[in-house]
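Rule-based calculations on the coordinates, nothing more; no lab input. All of these numbers come straight from a predicted model, not from anything done at the bench. Neighbour counts run over all protein chains shown; Cβ positions are idealised from the backbone, glycine included.
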Amino acid sequence: MKGTQTFLLICMVFVASTIAAVSQSSHVMTKEQQDALTPDAVLQEFQEGNRRFTQETITRRDHSAMVRKTAGGQYPKAVILSCLDSRIPIEDVVDQGLGDVFVARIAGNVINDDILGSMEFGCAVMGSKLILVVGHTNCGAVKGAIDDVEIDHIGILLAKIRPVVKQTPSTTSDRTSKNAAFVESVSQAHVDHVVTEIRRRSKILATLEAEGKIKIVGSYYDLETGVLTMRK
Ligand SMILES: [Zn+2]
C-alpha cells in the first residue's frame, strides 16, 4: 500500500512539472500598460529579456492565442532598428512577443527618410517609449563600407556608413576589414552616429526625447555570446 502511495505521488509530481514546463504566455500589451511605461522601464525590460535569452529561460509563448488577441490593435513598447543579419532574431534577443515591438531591419542598421518616418509613426502616433538602435560584431555591411565595396544598390547603402569609417581612428595602418579591432571600432561608432543622426534629422523624435516621453538609445550585440550591451 505504501508503495502504491509513493508511486502515485511520483506520478503527480511528474504531471505537475510537465504542465509547468509547457505553460505558455499569451500576454499582449494593452493601451493602459503602454501608457504606464517609461523609456527607462522599457530599457530595463529589454536588458532582463536579454538575460533570459542568454540563459535559455526565454518566455514560452502561445503564438496562436497572441495572434487572435493582437488582431484588433497594437500598443508596442519600442521601435527597434537592427541589422538585416540572419543571426539576430531581435524579438528573441530581448525576449519580446507579438505586438511588443516595432522592428525595422536593414543591412548595417542605417537610417533613411522611410526608416525615420517609421520611427516617428511608432513613437509620435502609436505611443512607443523607446527607439533602440542595434549594431553588432562582425557586421558584413560595416566590413563592406570599410573595403569600399561599390556594387549597384549595395554601394548606395554602404555610402551611409562610409563617413563614419573615415572619422574612425585605427591603432594600426591596416584600415581594411581584415583588421578586426578596426571593424569593431567602426561598428560601435556607427551605432552612436545613427543615434545622433536620428535626433538631428527628426525634429519630432528629438522633441519627444527632450520632453522625456521617449529615449533614443544605441546598443551592440555580440554574435558569439548573444549579449546585448547598451552603449551608454
Ligand atoms: Zn550587420
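Here the stretch 91-109 is the region considered, the condition is being within 16 Å of the ligand (Cβ to nearest atom) and under 20 Å from residue 121 (Cα atoms), and the residue that is surrounded by the most Cβ atoms within 10 Å (Cβ to Cβ) is 109.
A single entry from 155, 72 fulfils the requirement of being assigned to a helix (DSSP H, G or I) and surrounded by fewer than 17 Cβ atoms within 10 Å (Cβ to Cβ): 155. For first residues located in the stretch 134-158 and without any contact (Cβ under 8 Å) to a residue 12 or more places away in the chain and under 25 Å from residue 222 (Cβ atoms), partners that are surrounded by fewer than 17 Cβ atoms within 10 Å (Cβ to Cβ) and not acidic (Asp, Glu) and lie 6+ apart or on another chain with Cβ distances below 8 Å form the pairs 149/155.
The residues in the stretch 33-69 that are in a helix (DSSP H, G or I) and either of a type in the set (Phe, Trp, Tyr) or farther than 18 Å from residue 230 by Cβ (or both) can be counted, and the count is 13. Can you tell me which residue is farthest from the ligand (Cβ to nearest atom) among those in the stretch 158-167 that are within 30 Å of residue 207 (Cβ to Cβ) and either assigned to a helix (DSSP H, G or I) or in contact with a strand residue (DSSP E or B) (Cβ under 8 Å, 6 or more places away or on another chain) (or both)? Within the stretch 158-167, the match that is farthest from the ligand (Cβ to nearest atom) is 167.
Within the stretch 115-131, can one find any residue that is among the basic types (Lys, Arg) and in a loop (DSSP other than H, G, I, E, B)? Scanning the stretch 115-131, I find at least one residue that is among the basic types (Lys, Arg) and in a loop (DSSP other than H, G, I, E, B), so the answer is yes. Scanning the stretch 41-64 for residues that are surrounded by 12 or more Cβ atoms within 10 Å (Cβ to Cβ) and under 27 Å from residue 210 (Cβ atoms) gives 41, 42, 43, 45, 46, 47. Looking at the structure I just gave you, is residue 224 touching a Ser or Thr at 6+ places or on another chain (Cβ under 9 Å), exposed (fewer than 13 other Cβ atoms within 10 Å of the Cβ) and not aliphatic (A, V, I, L, M)? Against the criterion (touching a Ser or Thr at 6+ places or on another chain (Cβ under 9 Å), exposed (fewer than 13 other Cβ atoms within 10 Å of the Cβ) and not aliphatic (A, V, I, L, M)), residue 224 qualifies. Among the residues here, residue 170 does not qualify as assigned to a helix (DSSP H, G or I) and surrounded by 12 or more Cβ atoms within 10 Å (Cβ to Cβ). Of all the residues in the stretch 110-150, those that are more than 22 Å from residue 231 (Cα to Cα), surrounded by fewer than 17 Cβ atoms within 10 Å (Cβ to Cβ) and within 16 Å of the ligand (Cβ to nearest atom) number 2.
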